[in-house]
Amino acid sequence: MSTPPLTSTDAAPAAPVDLADLTPLAASSTTTDPKRTGFHHHHVALAPSLPELARVFTSAGYFLEMLTCEDRRLITPALPKMRLVQTWNRFDGPADRHLVTCELDPGQVAPSITAVAPAADWYEREVFDMYGVRFAGHPDLRRILLPDDSDFHALLKDFGQMDRGSEEGT
Amino acid sequence: METPTRTGRLGRFFTGFGSLFHGLAVTSRHFGRTIFLRKNVTQQYPHEKPTLPKAYRSAIRLIRFPETDSHDCVGCKACERICPSACIAVDGGKVEGIKKKRASHFEMDFALCSLCGLCLDVCPTTTLEYSRLYDEAGYNRNWKHDLLAEFRAREPAFIAEQRQREQAEAEAKAQKAPKKEKPPKEGDAP
Amino acid sequence: MSDEPRGASSDPEADPTHPEAYVLNMGPQHPSMHGVLRLKLHMIGEEIVVAEPVIGYAHRAHEKMAENRNYLMFLPNSSRIDYLSGMIYNIGYCQAVEKLLEIEVPERAQYIRVIACELNRIASHLLWIGTYVLDIGGVTPFLYCWDDREQILDLLDAITGSRLTYSYGRFGGVTMDVDDAFLTGTRTFLERMKSRLPEYDTLVRKNVIFIERSRGVGIMDRQTCRAYGVTGPCLRAAGVAYDVRKSEPYGIYDRFDFAVPTESAGDCLARYDVRIREIEESLKIVTQAVRDLPAGPIMPDKPKKKFKPAEGASYFAVEAARGAFGMYLVSDGSEVPFKLKLRTPSFSNLSSMPKVLAGTMVADTIAIVGSLDIVLPEIDR
Amino acid sequence: MSPPETLVDKLDSPWLGVVLGVAAVLGMLTVNVLFLVWLERKVSAWIQRRMGPTEVGPFGLFQTLADMLKLLSKQLITPRHVDKPLYHLAPLVVFVPVVAAASLFPFSAGLVLQDLDIGLVLVFAFGGLAFVGIFMAGWGSNNKYALLGAMRSVAQNISYEIPLILASLSVVLMSGTMNLAKITALQSERGYWFIVLQPVAAVIYFIAALAETNRAPFDIPEAESELVAGFHTEYSGMRFALFFFAEYSNVFIVSMVATVLFLGGWSGPLLPGPVWFFLKVYALVGLTMWVRWTFPRLRFDQLMSFCWVVLTPLAILNLLITAFVARLV
């Protein structure tokens, strides 16, 4: 269990970065309506820049609120993608939630951000457990919720669809 | 953080020691209340029956409406579809001789039920309610409730009565209809 | 037993392969482990070198279930995520879906929701106080707390018909209206609770043994909290006034006058103090809500029958009794959620344990883990 | 004052005396322990605004009897991997000294089984013997929790024996004898109890006795919130019952010692000796219960430092002052 030192204290960020627009790092940054979506900003990132983005957020005093994944392979069968999702928020002042999404090809290994945000440790393990996405540089990438010897990733869309799914129209 | 109220360790020691006696005083007060004032909180369950709140949720059952002395389930399967635990099985449909549809089968597996009440919400005829069962226990997982059981004996009589009611309604309507056709809305409500 | 003085090997990086190290398995079957948490403790003597929480024993696949049923059918699940403050989760889920579908909630229902949620929060904190004191060996305060909690459960029972897994909220309102008996009962309870808090103070908070067992134990400072995403009373005990009810007010929380209590020490004692003061704040909120409760309907006049949100992702956070509970909902435009991620506070809170537990004594383990107020079904989902 | 005739002396055959004596002490202990457990459950219930046992017998009095019968009739489970000789022997080693110690007490003038001049020393010696059994249980169980509990128990009990004995010595210094009957007689002769002259020793004794008997707030060896059940984790049925019996008997015995040393034993007006004796013992037992159901538990290191930093120096100081004053008077 390694607990890497934090890159900064909670004091004012060393170099003020405009979190609303992270375009050099993120492929795109948009401002969304928090009243409707709950997010204030949405950044679309490329996998290699995830640790750097995490560093930007932790330096600015933000914390990793949540990290998860979406299995979007069946939505666009022609271009199957897994989508990594992070949300970052801050403790002080009104909420400022940043949604960071990152499209991965199936089987693509994402870089771990555990070294920057220890909170990601368990979240990445959960994503691995549930979606089979691997993280490079994670100190201890094991299953977390499912039994160690299980041979499936439970939240993949092609696993265990119940027959009582959508009952629209019946 | 604890603020040092007295100077020195000895003072803290005695404050700490004193705090133990304050604690003892609290427990002795409750001790006295219990044995002298007989104020305990125990409910002697099998000897005393619990008072169930009005909203108490237990296994669902069909309401027996006083007008018809029977339930009003039409077997539409809305509850069966909404049930998250898939514990309801309903069947029903057209019955010979009356217009109203009737349920022919209504089974609920109480072992699976999570008492969420969604079935009550969706019931179009509001014929479902919670029963007042609270001491269900058993030796196996088979916990099927046949909700129609208590109505089955009366069902032929109900159908006969219903036929009469429907006939009376139809006659009343027939009498009303040719007289005046002004209020179009009233005709909808029986 | 090791001859090393206490704290000599308090390095979290310490070697679990030390010749004197052994593994002590705490839980999932342990009389006072909270729920089905398993702690794999590498220890030297009575000191913990490496602590490794093993979770998943209560995994019920809530997120998978959510993807397999429509929005309404997931409702009963929501109060089962955290069964000790099920109301907050239940109402929170309703609010998240209402936001997606832009459903207006009648005023009266809003107030009833606040009353129910805050009562539930008090109940949850009371339970924590009881179990925490039990963890450090005091049995009697535990029963006093449960007695008080019982009053709340009775109140909630009267309006919801259940005592733990309420399923009280519906999209657009609540299932049952409150009556005068409930309001009178709530007022009685408020009075009772106000008189009970000084007693807890005397019996527990001022007790020298309690103070010695809690002060300086299991310190989680601001940095640790931020690194691990710790929220709720544990975070506020570290001096951060973060509360979702204040930072992004949901429902009608912006109408109430309440404070966010904080402490600075970040130890078990501070967590106790924060929770006691949160009970006081919740009492304040309930008092105001009962006073201002308007008349009117508890469900919209024309409740929606089909729940089909537009495509897209959304996030909704509520302040649960243990911290920030977030729901990341992705809709693909159908009746069934495409993805529902439940960001449960205890999950993040517990993930800080390897850092906090390293170097502590085994006798403090249960106290520290207990002071987080973890609920395992909430972590495992 | 002539030394009172003991019960054993009154019988013709020494062997018969031994058998009858053991039977009497066992019977006395069993009845008292059963009552004690019932009382503990009732007191805790009343403190916690509950009712306690009510179903078996009047006021649930026979509840503990039923529990004992249940334990007696339960299957004895011996886990695999235990050290069988130690595991099987441990409950007896814990149990026997308790009975032996209980046979030394004067319940009233003349009502004493073994009137020995080293009675007090023997009581403590027997008390010390029990920890061998506890460690045997912890080691023999081959269970980490049991071993940790046993280690704590031994460390705690050895530590707290020191202030316990030092506090008792203060009384011995004043009375000049270790004979329990004589200490009692002396107090009734002088017309005051030694607690009047030795309040500090009495408090030290009480605290140390709580620790010695593993009672809350010192119930660390079997702190169920961390060590499951401590040294008897792996024991069930009758073997567990023996530990349980020994534990409650110990509570009873240290209360009896305290009664003799500080509260004047059987002496008291109007009521007969044994009644006074048991009244005082039960008052003390009630006090331990009151304490147990009020306080949380100390941590192990706090417990040890409390013993060595506070209790032991205080006991030594008290002993020195007593010796000094006793010399002067």
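The values are calculated or read from the model by the stated rules, or taken from the named source; none is laboratory data. On a predicted model such as this, the values are computed, not experimentally measured, just so you know. Glycine gets a Cβ as well: all are built from the backbone with ideal geometry, and neighbour counts include every protein chain shown. Calculation scope for accessible area: heavy atoms of the full protein, side chains included, ligands and nucleic acids excluded. Shrake-Rupley method; radii C 1.70, N 1.55, O 1.52, S 1.80 Å.
Of all residues in the range D:149-159, none are modelled with pLDDT under 80 and either crowded, with 19+ Cβ neighbours inside 10 Å or assigned to a helix (DSSP H, G or I) (or both). The selection criterion, being in contact with a strand residue (DSSP E or B) (Cβ under 9 Å, 6 or more places away or on another chain), buried (at least 24 other Cβ atoms within 10 Å of the Cβ) and within 22 Å of A:GLU124 (Cα to Cα), holds for C:THR344. Of the set (1) surrounded by fewer than 23 Cβ atoms within 10 Å (Cβ to Cβ); (2) more than 8 Å from chain C (Cβ to nearest Cβ); (3) assigned to a loop (DSSP other than H, G, I, E, B), all apply to A:VAL116 but (1).
Among residues of the range D:160-186 being of a type in the set (A, V, I, L, M, F, W, C), open to solvent by less than 10 Å² (accessible area, probe 1.4 Å) and modelled with pLDDT of 85 or more, the one that is farthest from D:LEU298 (Cα to Cα) is D:ALA167. In the range B:63-70, the condition of being at pLDDT below 85 and under 26 Å from B:TRP143 (Cβ atoms) is met by at least one residue. If we keep just the residues of the range C:200-254 that are within 14 Å of chain B (Cβ to nearest Cβ), over 20 Å from C:ILE279 (Cβ atoms) and not β-branched (Val, Ile, Thr), which is surrounded by the fewest Cβ atoms within 10 Å (Cβ to Cβ)? If we take residues in the range C:200-254 being within 14 Å of chain B (Cβ to nearest Cβ), over 20 Å from C:ILE279 (Cβ atoms) and not β-branched (Val, Ile, Thr), then C:GLY216 is surrounded by the fewest Cβ atoms within 10 Å (Cβ to Cβ). Taking the range C:290-347 as the range and being over 22 Å from C:TYR89 (Cβ atoms) and small (Gly, Ala, Ser) as the test, the residues that pass are C:ALA295, C:GLY296, C:ALA310, C:GLY312, C:GLY333, C:SER334. The number of residues in the range D:62-83 being touching a residue at least 24 places away in the same chain (Cβ under 8 Å) and open to solvent by 50 Å² or more (accessible area, probe 1.4 Å) comes to 9.
Every residue, every condition in (1) closer than 21 Å to D:PHE105 by Cα; (2) in a helix (DSSP H, G or I); (3) of a type in the set (A, V, I, L, M, F, W, C), yes or no:
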site: D:PHE252; (1), (2), (3): yes, yes, yes
site: D:ALA258; (1), (2), (3): yes, yes, yes
site: D:PRO269; (1), (2), (3): yes, no, no
site: D:TRP276; (1), (2), (3): yes, yes, yes
site: D:ALA283; (1), (2), (3): yes, yes, yes
site: D:TRP308; (1), (2), (3): no, yes, yes
site: D:THR312; (1), (2), (3): no, yes, no
site: D:LEU317; (1), (2), (3): no, yes, yes
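Of all residues in the range B:145-158, those that are surrounded by 13 or more Cβ atoms within 10 Å (Cβ to Cβ) have Cβ atoms under 9 Å from Cβ atoms of residues that are of a type in the set (S, T, N, Q), 6 or more apart or on another chain, in B:HIS145/B:SER131; B:LEU148/B:SER104; B:PHE151/B:SER70; B:ARG154/B:SER70; B:GLU155/B:SER70; B:PHE158/B:THR68; B:PHE158/B:SER70. Look at C:VAL49 and say whether it is of a type in the set (A, V, I, L, M) and out of contact with any helix residue (DSSP H, G or I) (no Cβ under 8 Å at 6 or more places or on another chain). Spelling it out, C:VAL49 is indeed of a type in the set (A, V, I, L, M) and out of contact with any helix residue (DSSP H, G or I) (no Cβ under 8 Å at 6 or more places or on another chain).
Does any residue of the range D:229-238 turn out to be under 21 Å from D:LEU298 (Cβ atoms) and surrounded by fewer than 23 Cβ atoms within 10 Å (Cβ to Cβ)? Within the range D:229-238 (the criterion being under 21 Å from D:LEU298 (Cβ atoms) and surrounded by fewer than 23 Cβ atoms within 10 Å (Cβ to Cβ)), the answer is yes, since at least one residue qualifies.
One residue is enough: does the range C:119-132 have a residue meeting the conditions open to solvent by less than 20 Å² (accessible area, probe 1.4 Å), within 30 Å of A:GLU70 (Cβ to Cβ) and part of a helix (DSSP H, G or I)? No, there is no match, as no residue in the range C:119-132 is open to solvent by less than 20 Å² (accessible area, probe 1.4 Å), within 30 Å of A:GLU70 (Cβ to Cβ) and part of a helix (DSSP H, G or I).
Taken as a whole, the condition of being aliphatic (A, V, I, L, M) and either open to solvent by 60 Å² or more (accessible area, probe 1.4 Å) or assigned to a loop (DSSP other than H, G, I, E, B) (or both) applies to B:VAL41.
Filtered by the rule that a residue be open to solvent by less than 70 Å² (accessible area, probe 1.4 Å) and not β-branched (Val, Ile, Thr), the range D:193-209 gives D:PHE194, D:GLN198, D:PRO199, D:ALA201, D:ALA202, D:TYR205, D:PHE206, D:ALA208, D:ALA209.
Restricting attention to the range A:37-49, the residues that are more than 8 Å from every other protein chain (Cβ to nearest Cβ) and surrounded by fewer than 23 Cβ atoms within 10 Å (Cβ to Cβ) total 9. If I ask for residues that are open to solvent by less than 10 Å² (accessible area, probe 1.4 Å) and among the aliphatic types (A, V, I, L, M), which ones from the range C:56-88 would you list? If the condition is that a residue be open to solvent by less than 10 Å² (accessible area, probe 1.4 Å) and among the aliphatic types (A, V, I, L, M), then C:ALA66, C:MET73, C:LEU75, C:ILE81, C:MET87, C:ILE88 are the ones that fit. Consider the range A:62-93 and keep the residues that are among the β-branched types (Val, Ile, Thr) and facing chain C (nearest Cβ under 9 Å). The one that is nearest to A:LEU104 (Cα to Cα) is A:VAL85.
The residues of the range B:6-38 that are within 11 Å of chain C (Cβ to nearest Cβ), charged (D, E, K, R) and closer than 21 Å to D:GLN48 by Cα amount to a single one, B:ARG29. Considering only residues in the range C:325-339 that are more than 7 Å from chain A (Cβ to nearest Cβ) and part of a strand (DSSP E or B), the one that is nearest to B:LEU118 (Cα to Cα) turns out to be C:PRO337.
Screening the candidates C:LEU153, C:LEU127, C:LEU119, C:LEU164 for the property of being hydrophobic (A, V, I, L, M, F, W, C), under 17 Å from C:VAL204 (Cβ atoms), more than 10 Å from every other protein chain (Cβ to nearest Cβ) and within 20 Å of the chain's Cα centre (by Cα) yields one hit, C:LEU127. Looking at D:VAL37, D:VAL43, D:VAL22, just one residue is in contact (Cβ under 8 Å) with a residue 12 or more places away in the chain and open to solvent by 40 Å² or more (accessible area, probe 1.4 Å), and that residue is D:VAL22. Scanning the range B:64-82 for residues that are among the aliphatic types (A, V, I, L, M) and open to solvent by 40 Å² or more (accessible area, probe 1.4 Å) turns up nothing.
Tally up the residues in the range C:97-116 that are over 21 Å from C:PHE316 (Cβ atoms) and within 16 Å of the chain's Cα centre (by Cα), please. Total meeting the criteria: 0. Scan the range D:121-148 for residues that are assigned to a helix (DSSP H, G or I), within 14 Å of chain C (Cβ to nearest Cβ) and in contact with a Ser or Thr (Cβ under 9 Å, 6 or more places away or on another chain) and the total you get is 5.
The single condition from (1) open to solvent by 10 Å² or more (accessible area, probe 1.4 Å); (2) out of contact with any strand residue (DSSP E or B) (no Cβ under 9 Å at 6 or more places or on another chain); (3) not aromatic (Phe, Trp, Tyr) that A:ASP129 fails is (1). Restricting attention to the range C:263-280, the residues that are in a helix (DSSP H, G or I) and in contact with a Gly (Cβ under 7 Å, 6 or more places away or on another chain) total 1. Residues in the range C:66-92 that are more than 18 Å from C:GLY333 (Cα to Cα), outside any loop (DSSP other than H, G, I, E, B) and within 13 Å of chain B (Cβ to nearest Cβ): 6 in all.
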